[in-house]
Structure formats: C-alpha cells, structure tokens
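Note sheet for the following structure.
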Amino acid sequence: MKLQNFHVEVADWSHEDQREALHELRRIVFIEELHVPEQRERDSLDDESWHVLARDGSGQPIGCGRLTSTRKIGRLAVLPDWRGQGVGLAMLRELVSRARTQGWPEVALDAQVGAIGFYERAGFVAHGEEFEDAGVAHRAMRMTLTTANTPIERLPLPDIGVLAAATRSDGVAARRQLLADARHRLAIYLPLLGDDSYASIEELDELRRVAISGRTAQIRILLHDPEAALRNDHRLITLAQRMPSAIQIRMPVEETDLAYLSAYLLNDVGGYLFMPDAGRPQGRAARHDRASQVPLWQHFDEVWDRSERASMLYKLDI
C-alpha cells in the first residue's frame, strides 16, 4: 500500500449515501468489534454534528468521525486494516481545525483508555477519573485552542489558509483564489464540466496566465464526458483548443474511474478544492495544505496515466 493513499472529506449527514457509509463504519468498529449496543451507538446528535469520512484511493470508506454541537469530538473510527497509517490522525486534525474555525476556546472528547496516548500525542490532555461507557473504560480529554502559552507540542496546527466551501458561491470564490495562487501547474478533475465552472472571465484569465507562465507550465484536466463539454461550446474547451501544448485534456475509460464522482482542483503551491460529490456544493478547501493534497495528486496521476487523450476536442489530432 502506498503512503497516504487516502483522503479525508466532509460528509453530509443529509446525503443518504454518505450517511449509510458513516453508519456502516460505526457498525463495524463500535457494534461488531467493541460490542457497543446499537441503541447507544446512534443518538440525536448526528443530525446537528459536523462529520468527516476518510476514503481509500478507490473511494471506499475507511474511517469516520464527528464534531458535535456540544463541542466534543466523537465516533472516531478506522477500519482495522487501515490503523497505524495516519488515517485517525488526519481525521482528528480535520475535526480540531473545524472546532478552531468556530472560535471555540477548547474542544473535548471521551477517549478509550487504550487510546489516551494517541490523543495525547495530538495535543489533548486527560482529566478526571476513569469511567465506563457502553462497557468500555474511558477518560475525559480536552484541548485548549486559544491559550497563548500553550506548550510547543500542543501548539495549534499551522495556518493552512482554510477557504470556505460550504455553498456554491463559496466554491466559486475558492476556485478563483486557488487559480490566482497557482504558478505553473494545475490539475483539475471533473466528472462533469458545468456551464458555471471554469467559464468566467476571471477564471479563464488565470488559466491563460498559468498556461503561458514558462516552459514548465502545465494544466492537466480529466473529464468524464469531454464530448458534452464540446457540444455545449464550453469556454474552457475553447481555451484548451487554442493552447493544446499547455492545456491537456484526457478522459478516463476504466469503469472504476468513471464511477468516481468527486471533483477537485489542485495547484502547485499546496492549494486544493475538493468536492466529495461533484453535483453538490459542499466540500473543503485550503490554500496551503500539502498534506491533504498528496493523496489527491496521487489519485490524479494514477487516473491520468490510464486515461485516453480527448482527441475529439481537437480538429487536427496529430
């Protein structure tokens, strides 16, 4: 297995597929493995919590977690085969980052006694006596988010320039920011190229700027249906036709790739915008987060290598 061949995404509890994925992960880990009663595992907090899902390179769910309105992290679970590979820590960091953006002074969790060391390494501090929850020994832990004199090992995570990506307008603004930040390289994965994506004058100007930025300029685009974009006379296609040496478009052909329905934008300075469901606006984005970029770059390169050139977009395919 390749290093960090996974990514963490925001999960929408109201979306049936994502809700079922969360339930299944929690069933495997908490109900089957830890023998937590089902009625204890599910509660009314899920509807109002902020959820994350970790997925492997093929898009299969491998971990989950949530941040509740009571300012507690919980339901953090990783499938057995993926433990010890950084999945839990990546999700924990995402949840802590969300708590910090909410302006909370601290965030708490109830840790299984055997996992206290893991949470301590992430910056949490245990307090109070041990207690039993669903037959498992736990201890309360918390992390201070706003204290100025926090020890080095508990300092807040580096500022990754988190960008809002909860609504369609957020996504447009994040996309424009990441395009403006790019220097010479971009990677764009799109199951569908909508009329309102990469079509504004501002976006096209930034794409053109990157395309002519020098000998190392490279814009790679993966489209599931380039013919549809051609029929719709999309402006991005027109730009690519005018600059074929710098803007390359390929189409996935393998069934597993065509079943991948997420969309993302990556630039060469650590910025990314990831939409778990290309048809829905909610996602996550940051201007300087190479750790989260790595699995997305890896996925893009792997799909790119086994995809075909979208020759129908070019009048002279030579």
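Worth pointing out:
- Each Cα pair under 8 Å and six or more residues apart adds its sequence gap; the mean of these over the residue count of segment 6-157 is a relative contact order of 18 percent.
- Computed [θ] at 222 nm, helices only, for the chain once each DSSP H run of length n ≥ 4 contributes -39500 (n - 2.57): -8500 deg cm²/dmol
- Positive-end residue of VAL36, LEU204, LEU222, charge dipole of the chain with Cβ unit charges: LEU204
- Positive end of the dipole of the chain (Cβ unit charges, origin at the Cα centre): among HIS138, TRP104, ALA115, the Cα lying farthest that way belongs to TRP104.
- When the alpha carbon gyration tensor of segment 163-313 is reduced to an equivalent ellipsoid, the three semi-axes, largest first, read 20, 18, 16 Å.
- Distance between segment 105-139 and segment 249-288 - C-alpha centres, whole angstrom: 35
- Relative contact order computed over the chain (Cα-Cα under 8 Å; 6+ residues apart), in percent: 16
- Ordering LEU258, SER213, THR167 by Cα displacement along the dipole of segment 163-313 toward the positive end leaves SER213 in first place; charges were set at the Cβ atoms of Lys, Arg (+1) and Asp, Glu (-1).
- Mean-position separation - Cα centroids, segment 64-91 and segment 154-229, in angstrom: 29
- Entry for segment 31-91 at q = 0.24 Å⁻¹: log10 I(q)/I(0) = -1.10, Debye formula applied to identical alpha-carbon scatterers, no solvent contribution.
- About its Cα centre, segment 163-313 has a charge dipole of approximately 520 debye under the convention of +1 per Lys or Arg Cβ and -1 per Asp or Glu Cβ, with nothing else charged.
- Here the simple spin-label model places points 7 Å from the Cα toward Cβ, and for HIS288 and ASP305 these points are separated by 3.1 nm.
- Against the rule of thumb 2.2 N^0.38 Å, how large the Cα Rg of segment 1-111 comes out: 1.02
- Based on alpha-carbon atoms, the Kirkwood radius and the radius of gyration of the chain give Rg/Rh equal to 1.01.
- Under Karplus coefficients 6.51, -1.76 and 1.60, residue-wise ³J(HN,Hα) of segment 88-105 in Hz, glycine/proline x: x, 5, 4, 5, 4, 4, 4, 5, 5, 4, 5, 4, 5, 5, 7, x, 6, x
No lab work stands behind these numbers, since they all come straight from the coordinates. Quick caveat: nothing in here was measured; it's all calculated off a predicted structure. Methodologically, a virtual Cβ is constructed for each residue, glycine included, from the backbone with ideal geometry; neighbour enumeration extends over all protein chains shown.
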